[in-house]
Amino acid sequence: MKNIKIIALIIIVLITFTACSKNKSNTNNGATDQSQPNNQGDSTSATAVERPNIPDGTNYNGYQFKILAKHFGTTTESEVSAEQENGEPLNDALYKRNSTVESLLNIKISQVTSTDSNLVSYVEKIVQSGDTSSFDAMCVQDYDNIDLLQAGDLVNLYTVPNIDLQKPWWDQKTVKDLSYKGDKLYSVNGDICWYDKYSLMVVYFNKNLFDQNGLAYPYQDVLDGKWTLDKFSQLIKGFTKDVNGDGILDQEDQWGMLENTDATYHFTVGAGESIASVNANGVPVINSQTPRHLQVVEAFGNLFSDKNNVLIAQSGQMPNVADQWTDGLFYVFRNGRGLMMAEMVGTIPTFRDMQDDFGILPQPKLDESQSEYYTFTSGGWASSYSIPITNPDLDRTGMILETMAGYSSDTIIPALIDVSLKSKFVRDEQSAKMLEIVFATKKYDWCERFRWGGIYDAYAAVTKDGFGNFVSAVEKLMPQAQASLDKTIATLDSLN
């Protein structure tokens with residue numbers, strides 16, 4: 001609920017910002033430096049956007065703050081810097097955020113890129129050489145940060161002065177799900193970066209196929225808390241048709257559901273389970289043998305392993321298709337022959353020019369007894385910020401990152417959610433509401449990032465072949481997975 005309220009506040013700020021002149025302002029709540037820009041807002045609104053506390057006299061004398069970043073996923077746009085305004089919402093929001101922060105702190109924010117195709121290798125060389133000037137912080141893929149964490153190359157963000165991880169501009173789901181023993185975290189996302197929002201899974205549905213078959217859009221079920229595996233299954237089952245009559249079900253036919261071999265795992269997370277999560281002591285444990293976890297894996301595994309209902313990329317169902325996504329799943333959905341498809345938020349722009357109308361839904365619950373929706377968050381898509389141990393001034397870096405994050409809440413986030421995703425790409429108001437639920441229900445899984453002992457792969461086997469061998473496969477993999485987990489725990493215990 002807290003996250004939903006924050007999103008609602010962001011929407012209000014965006015609307016009022018465009019309606020008011022630059023000279024109209026409210027009190028800048030939470031800032032001790034009165035030179036900071038005031039919040040833009042409607043005079044009837046009593047709530048101001050919270051800002052980072054910047055002590056009076058803070059001045060970094062034109063310091064060039066360098067952030068190592070790279071492009072990945074489906075974007076070529078920067079998450080760090082914009083040279084000038086060009087009319088594109090994200091670019092202009094980034095330019096405005098950086099200009100504000102640069103003015104407040106007397107700095108210059110710049111993006112630097114790796115000179116090595118392997119970013120992790122490049123950072124390790126920098127750290128080992130003791131180089132303190134190449135970059136101050138990093139905005140890179142979560143998987144890169146995991147590798148750098150295990151190499152001991154990152155600073156514990158809980159120890160960085162001026163960063164308050166409890167503030168709303170940092171992703172509280174990350175802080176809760178991925179902190180070790182409650183006081184160690186080596187990378188974090190939030191309002192400061194935007195590609196992590198692209199990393200969230202949604203369920204697309206083809207409105208034309210729903211209409212043609214007399215099916216009600218599931219929006220109200222979602223709002224009523226009744227969007228469950230049972231209702232999801234009812235829509236999928238029996239929908240597949242051999243359109244071309246060749247006796248082979250493949251990408252040229254009509255399908256109830258489109259996914260890849262990670263489908264069982266993705267929807268297990270949507271049901272509130274994860275392969276590994278932190279226990280009451282903040283230490284990660286593997287959950288794959290717990291009763292509810294097994295119940296969820298079996299339920300979704302039975303659905304996705306039925307190849308009469310679901311077209312699965314990389315399962316052998318499309319042997320002659322080179323690109324199982326572009327020429328497979330996306331091809332089927334774009335051409336109006338897929339009732340539903342699960343993919344990341346970052347793929348929404350891919351279907352901007354799709355002829356059929358489509359809507360967006362969160363992942364379904366297991367059943368109505370599940371208290372809330374959960375959204376799978378991909379470490380392969382997500383970006384996050386980290387600080388190398390070679391950083392020469394953690395006080396300064398903490399102040400700059402905190403200020404960047406705090407001034408992203410009503411610049412970067414509205415541009416991404418309200419202007420780019422909701423207005424430009426999402427086709428109806430109900431889907432925009434679904435996105436609010438998705439952004440508020442992130443769930444992170446330690447094992448999705450660390451891949452201990454190959455246990456993650458057991459879930460793909462369920463999608464391909466069914467639940468039958470899952471229990472024995474997990475039992476076989478557990479010793480190796482636990483040994484790998486214990487090694488990670490030992491590494492974390494050894495770090496500051």
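Any idea which residue in the range 232-247 is most open to solvent (accessible area, probe 1.4 Å), counting only those that are within 11 Å of ASN309 (Cα to Cα) and in a loop (DSSP other than H, G, I, E, B)?
LYS237
Out of all the residues in the range 215-229, which are in a helix (DSSP H, G or I) and either touching a Pro at 6+ places or on another chain (Cβ under 7 Å) or among the small types (Gly, Ala, Ser) (or both)? Even if it seems obvious, please write down each step before you answer.
First, the residues of the range 215-229 that are in a helix (DSSP H, G or I): 219-223, 229.
Those that are in a helix (DSSP H, G or I) and either touching a Pro at 6+ places or on another chain (Cβ under 7 Å) or among the small types (Gly, Ala, Ser) (or both): VAL222, LEU229.
Is at least one residue of the range 82-93 of a type outside the set (S, T, N, Q), surrounded by 14 or more Cβ atoms within 10 Å (Cβ to Cβ), touching a Ser or Thr at 6+ places or on another chain (Cβ under 9 Å) and assigned to a strand (DSSP E or B)?
Within the range 82-93, not a single residue is of a type outside the set (S, T, N, Q), surrounded by 14 or more Cβ atoms within 10 Å (Cβ to Cβ), touching a Ser or Thr at 6+ places or on another chain (Cβ under 9 Å) and assigned to a strand (DSSP E or B).
If the requirement is being of a type in the set (Asp, Glu) and under 19 Å from the mean Cα position of the chain (by Cα), which of these qualifies: GLU372, GLU368? Walk me through it before giving the result.
Working: GLU368 fails: under 19 Å from the mean Cα position of the chain (by Cα).
Criteria check complete, one pass: GLU372.
If you take the residues of the range 272-323 that are among the β-branched types (Val, Ile, Thr) and closer than 30 Å to GLU252 by Cβ, which of them is surrounded by the most Cβ atoms within 10 Å (Cβ to Cβ)? Lay out the reasoning, then the answer.
Initially, the range 272-323 is screened for residues among the β-branched types (Val, Ile, Thr), giving 275, 278, 283, 285-286, 290, 296-297, 310, 312, 321.
Applying the additional criterion that residues be closer than 30 Å to GLU252 by Cβ yields 310, 312, 321.
Details: VAL310: 23, ILE312: 26, VAL321: 16.
My answer is ILE312.
A quick yes/no check of all residues on (1) among the acidic types (Asp, Glu); (2) touching a helix residue (DSSP H, G or I) at 6+ places or on another chain (Cβ under 8 Å):
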{"position": "VAL222", "(1), (2)": "no, yes"}
{"position": "ASP250", "(1), (2)": "yes, no"}
{"position": "ALA263", "(1), (2)": "no, yes"}
{"position": "THR268", "(1), (2)": "no, yes"}
{"position": "SER277", "(1), (2)": "no, yes"}
{"position": "GLN295", "(1), (2)": "no, no"}
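Please go through the range 145-165 and give me each residue that is under 11 Å from LEU394 (Cα atoms) and among the β-branched types (Val, Ile, Thr), ordered by number.
If the condition is that a residue be under 11 Å from LEU394 (Cα atoms) and among the β-branched types (Val, Ile, Thr), then VAL155, THR159, VAL160, ILE163 are the ones that fit.
Take the residues in the range 184-214 that are of a type in the set (A, V, I, L, M, F, W, C) and over 15 Å from MET257 (Cα atoms); name whichever of them is surrounded by the fewest Cβ atoms within 10 Å (Cβ to Cβ). Please lay out each step first, then the result.
To start, the set of residues in the range 184-214 that are of a type in the set (A, V, I, L, M, F, W, C) comprises 185, 188, 192-194, 200-203, 205, 209-210.
Retained after the next criterion (residues that are over 15 Å from MET257 (Cα atoms)): 185, 188, 192-194, 200.
On the way: LEU185: 21, VAL188: 24, ILE192: 29, CYS193: 24, TRP194: 24, LEU200: 23.
Looking at residues that are of a type in the set (A, V, I, L, M, F, W, C) and over 15 Å from MET257 (Cα atoms), I get LEU185.
Testing ASP445 on (1) surrounded by fewer than 22 Cβ atoms within 10 Å (Cβ to Cβ); (2) at pLDDT 95 or above; (3) not aromatic (Phe, Trp, Tyr), one condition comes back false. Which one is that?
(1)
Suppose we filter the range 314-369 for residues that are at positive phi and of a type outside the set (S, T, N, Q); how many remain?
2
Working carefully through the options GLY328, GLY380, find the one that is under 20 Å from THR261 (Cα atoms) and surrounded by fewer than 21 Cβ atoms within 10 Å (Cβ to Cβ). If you could, list the steps in order and put the result at the bottom.
Details: GLY328 fails: surrounded by fewer than 21 Cβ atoms within 10 Å (Cβ to Cβ).
Going through GLY328, GLY380 in turn, the sole match is GLY380.
Out of the residues in the range 459-479 that are open to solvent by less than 10 Å² (accessible area, probe 1.4 Å) and of a type outside the set (Ser, Thr, Tyr), which is nearest to the chain's Cα centre (by Cα)? Write out each step before concluding.
Here is the first cut: in the range 459-479, the ones open to solvent by less than 10 Å² (accessible area, probe 1.4 Å) are 459, 462-463, 470, 474.
Filter once more, so that each one left must be of a type outside the set (Ser, Thr, Tyr): 462, 470, 474.
Details: VAL462: 25, PHE470: 28, VAL474: 27 Å.
My answer is VAL462.
Quick one: which helices (runs of 4 or more DSSP H) sit completely within the range 415-496 and have at least 3 residues that are β-branched (Val, Ile, Thr)?
On the way: elements: 429-440, 446-450, 457-465, 470-494.
Passing ranges, in order: 470-494.
Conditions (1) buried (at least 17 other Cβ atoms within 10 Å of the Cβ); (2) touching a Gly at 6+ places or on another chain (Cβ under 9 Å); (3) touching a residue at least 40 places away in the same chain (Cβ under 8 Å); (4) over 26 Å from ALA280 (Cβ atoms), marked per residue:
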site: THR159; (1), (2), (3), (4): no, no, yes, no
site: GLN166; (1), (2), (3), (4): no, no, no, no
site: TRP170; (1), (2), (3), (4): yes, yes, yes, no
site: THR174; (1), (2), (3), (4): yes, yes, yes, no
site: LYS181; (1), (2), (3), (4): no, yes, yes, no
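Pick from ARG337, ARG352: which is basic (Lys, Arg), at pLDDT below 95 and open to solvent by 10 Å² or more (accessible area, probe 1.4 Å)? Write out each step before concluding.
Details: ARG337 fails: at pLDDT below 95.
Exactly one of ARG337, ARG352 is basic (Lys, Arg), at pLDDT below 95 and open to solvent by 10 Å² or more (accessible area, probe 1.4 Å), namely ARG352.
Test ASN106 against the criterion of being at pLDDT 90 or above, touching a strand residue (DSSP E or B) at 6+ places or on another chain (Cβ under 9 Å), crowded, with 17+ Cβ neighbours inside 10 Å and within 20 Å of PHE135 (Cβ to Cβ), and give yes or no. Please lay out each step first, then the result.
On the way: at pLDDT 90 or above: yes; touching a strand residue (DSSP E or B) at 6+ places or on another chain (Cβ under 9 Å): yes; crowded, with 17+ Cβ neighbours inside 10 Å: no; within 20 Å of PHE135 (Cβ to Cβ): yes.
Taking the combined requirement at face value, the residue does not satisfy it.
The values are calculated or read from the model by the stated rules, or taken from the named source; none is laboratory data. Keep in mind that this is a model prediction, so the values were computed, not measured. Reconstructed Cβ throughout: ideal geometry from the backbone, glycine too, with neighbour counts over all protein chains shown. Note: areas computed on protein heavy atoms with side chains; ligands, DNA, RNA excluded. Shrake-Rupley method; radii C 1.70, N 1.55, O 1.52, S 1.80 Å.
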